[in-house]
Each structure stands twice: as structure tokens, then as C-alpha cells.
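Chemist: Please find one structure pasted underneath; my questions will follow.
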Amino acid sequence: MHHSHQERETYQKGGAALTDEDFLRIAMQTAQKAIKQGDMPFGACIIDERGFVLSAAHNSVNTSVDPTAHAEVQAIRAAGIKLHSPDLRGCMLYATCEPCAMCFAACVWSKLDRIVFAARNEDSAAFAIDCIPISSMQMKHLCQSDVKIVGNVLRDECLKLFNDWSVARNGAQ
């Protein structure tokens, strides 16, 4: 599941080409907002086939008192509202971390074409973040989904984000 140049996707927006890394940085910037408000260090965005950002959202499980308020689910909900449809065919999800089983299922139900993530589930577990130990590739297989999955994009930058969150959280206790 390594990110190779053949898998790299480039999208045009206003004459400028945007890459997977550019869109992941939007997700990471969004995750910073979650950290500031005392939530988990997760962010996600949904991009349409033209390269436009439909939504960007962060984890708000603690502040919304909603265990389903993961970044990916929030971004999918917002994109669906924007498109007036739960069908996100042609769209892509960019997330700071590999989607958990719940978020992956939401990706399948919304018919996303592609999932790009930075850190893996094991990475979040290393920071004592609860994790259901099933990978996106395992979920893809179990769901018999044809969604494309690209992982480990900007992983080191995301691990730094997790570390910043861990330091902030432990300093607040």
C-alpha cells in the first residue's frame, strides 16, 4: 500500500495542478482545529472529480458528544448536503488517518471512488488512540468494494500532528 508515482493523482484547479499531498494538507489543517478544541487529531476532506473541495471536517466526538462524529463521516455528511445526494460517485476522500471500520463503511455506502490517507491505524494506536484493528484493505475485501485506496501519503507529517496532539493533551492533564 505504498504511495508510488504511478498511483499519484494530479487534479487541475484554476490552472494550477493539485496533488494528493495538497489535498491531504487541507485535511491536516482541518485536524489542527480539532486539536485546538480538545478533540482527536483527525481531519478529512472530500474532493469532486474536477478537483474542487466539497467539504473539509474534523473529528468532533468530544465536543459534540457523538461517537460517530469522526472526521470522515462529518466530511461525507457535508459533501452529501452540498450535492443534495448521498451518492458521492466520482469523489475522493483525503484523511489524516486510515478510516476506521465505521468510516470505511460510510465511504462504501456513499460510493466514493478513492480514499487517500496519511497515517495507518497502527500509528494512531501507538499514540493510545482507540482503534478497531481492521485495515481499509481488509474492509475493502470484506465489502467486495472497488474503491481505490492509497495509504502512507505524508505519513511522517501526520505522525508529527499526532505527536503535537499527544503533547498538548498530556500537558493539559
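Chemist: Please compute the modelled spin-label separation between residue 65 and residue 125, points set 7 Å along Cα→Cβ, answer in nm with one decimal.
Modeler: 3.2 nm
Chemist: Using the Kyte-Doolittle scale, which helices in the chain average at least 0.5 and also have C-alpha atoms spread 15 Å or more along the helix axis, with helices defined as whole DSSP H runs?
Modeler: Span-like helices, by this rule, are 71-83.
Chemist: So what's the gap between the Cα centers of region 119-150 and region 61-88, to the nearest angstrom?
Modeler: 19 Å
Chemist: Pick the calculated Kirkwood radius over Cα pairs in Å for this structure from (i) 23.4; (ii) 15.9; (iii) 21.3?
Modeler: Evaluating Kirkwood radius over Cα pairs in Å on these atoms matches (ii).
Chemist: Can you give the helix-only mean residue ellipticity at 222 nm for the chain, where every DSSP H stretch with n ≥ 4 adds -39500 (n - 2.57) and the sum goes over all residues, rounded to the nearest 500 deg cm²/dmol?
Modeler: Rounded to the nearest 500, the figure is -13000 deg cm²/dmol.
Chemist: Sticking with this structure for a sec: Starting from the 7 Å offset along Cα-to-Cβ, what nm value, one decimal, do you get for the label separation of residue 134 and residue 109?
Modeler: Going by the 7 Å Cα→Cβ label model, 1.4 nm.
Chemist: Would you check the chain for Lys pairs whose C-alpha atoms are within less than 29 Å, ignoring same-chain pairs closer than 8 in sequence, and give me the count?
Modeler: 19
Chemist: Which value, in debye to the nearest 20, describes the size of the charge dipole of region 33-143 about its Cα centre when Lys and Arg Cβ atoms bear +1, Asp and Glu Cβ atoms bear -1, and nothing else is charged?
Modeler: Approximately 280 debye in magnitude.
Rule-based calculations on the coordinates, nothing more; no lab input. Everything numeric here is computed off the predicted structure, so don't read it as measured data. Quick reminder, even Gly has a Cβ in these numbers, built from the backbone with ideal geometry, and neighbours come from all protein chains shown.
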